[in-house]
Amino acid sequence: RFYSKILQSERRIWVYIPHDYSFKQAPYNLIIAFDGRVIFTTLAATTTLDTLIYEKSISPCIMIGIDCADRFEELVFNTEFTTFVSKELIPWIRESYHVTNDSTHTTICGFSLGGLAAFFVGIQYPEIFGNILTLSGSVHWKKEGYQGIIPWIEHYFRTNGKRSLKIYMSAGMLENKPLLVANQNLHKELEQSGYQVYFEEFCGGHDEIWWREKLQTGLKYLSPINNSSR
């Protein structure tokens, strides 16, 4: 459990450490995941990471899962929660575990609203998180006070300078239409803006079974083992 002075509350933190973890090795890649309980239980993150590392499909890494108190408050454009992750949790992780400081080896990920939060954190702190992984990301979600026609996340990438980010996105063909279309349009915007991005549509809906599979695909795509020039 981790007590946050910023949030004034305690959180359960889920930690994955690879086999043969050692400070004698090079610093490990770091993955931060929202909805830690679901990521580690339903999406079977431990088994997934063990398998991918054993197969040498990804580099050895440490994953930290974060539980939320209120997903609809903390994962929806919440700058306080973003500050907690980037300015409080990350320093603690770097002090406690043998992890990299290299943004190109650091990933922020989530599903549904967690995918929206991953984008929101990544665009604010690209110097920390060089990789974004979203599973059925709710990128269609409205931001309070924003009056634009296109979703705020797409608007941000269209109107701001390019960030050094590598991005994996996935969404189901049976998702609700606003979510699917927002992901499709965001992918087009990212490609046109010159981002290294991979978007995958799967034959399902807002479904944890599919997220479990696509988590593997996203981790492999974003792993430094598979990195080309950014």
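The values are calculated or read from the model by the stated rules, or taken from the named source; none is laboratory data. The shown structure was predicted, so the numbers you read here are calculated from the model rather than taken from an experiment. Cβ: placed from backbone, ideal geometry, glycine included. Neighbour counts: every protein chain shown. Ligands, DNA and RNA are excluded from the accessible area calculation, which covers all protein heavy atoms including side chains. Shrake-Rupley method; radii C 1.70, N 1.55, O 1.52, S 1.80 Å.
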What are the semi-axes of the equivalent ellipsoid of the range 62-121, taken as the square roots of 5 times the eigenvalues of the Cα gyration tensor, listed largest first and rounded to whole Å?
21, 12, 10
Which one, (i) 0.94; (ii) 0.97; (iii) 1.04, gives Rg/Rh (Cα atoms, Kirkwood Rh) as derived from the coordinates shown?
(i)
Rg and Dmax of the range 1-132 over Cα atoms: what are they, in angstrom?
14.0, 41
When the label point is put 7 Å from the Cα of Tyr3 along its Cα-to-beta-carbon vector, which residues of the range 35-68 have a backbone N closer than 16 Å?
none
Run the numbers on the range 140-214 and let me know its relative contact order in percent, using alpha-carbon pairs under 8 Å that are six or more apart.
34 percent
Just to verify a number: what accessible area does Glu55 come out at with the full protein assembly present, 1.4 Å probe, Å² rounded to tens?
110 Å²
Antiparallel as a % of all DSSP beta bridges within the range 1-117, to the nearest 5?
40 percent
Over the range 109-189, with neighbouring protein chains present, the accessible area per residue in Å² at probe 1.4 Å is 39 Å²
Among the listed pairs Lys87/Lys220; Lys5/Lys143; Lys87/Lys143; Lys24/Lys220; Lys5/Lys188; Lys24/Lys162, give every one whose C-alpha distance is greater than 32 Å.
Lys5/Lys188; Lys24/Lys162
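Restricting to bridges with both residues inside the chain, how much of the DSSP beta-bridge set is antiparallel, in percent to the nearest 5? Write out the running numbers ahead of the final one.
Details: 7 of 35 bridges.
Approximately 20 percent, going by the DSSP bridge assignments.
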Please grab the % of Cα pairs in the range 140-214 that end up more than 19 Å from each other.
40 percent
Just in the range 133-162: which trypsin sites (Lys or Arg not before Pro) are loop by DSSP and have at most 14 other Cβ atoms within 10 Å?
Lys142, Lys162
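Per DSSP H run of n ≥ 4, the term is -39500 (n - 2.57); total these for the chain, divide by its residue number, and report the mean residue ellipticity at 222 nm rounded to 500 deg cm²/dmol.
So the helix-based figure for the chain works out to -10000 deg cm²/dmol.
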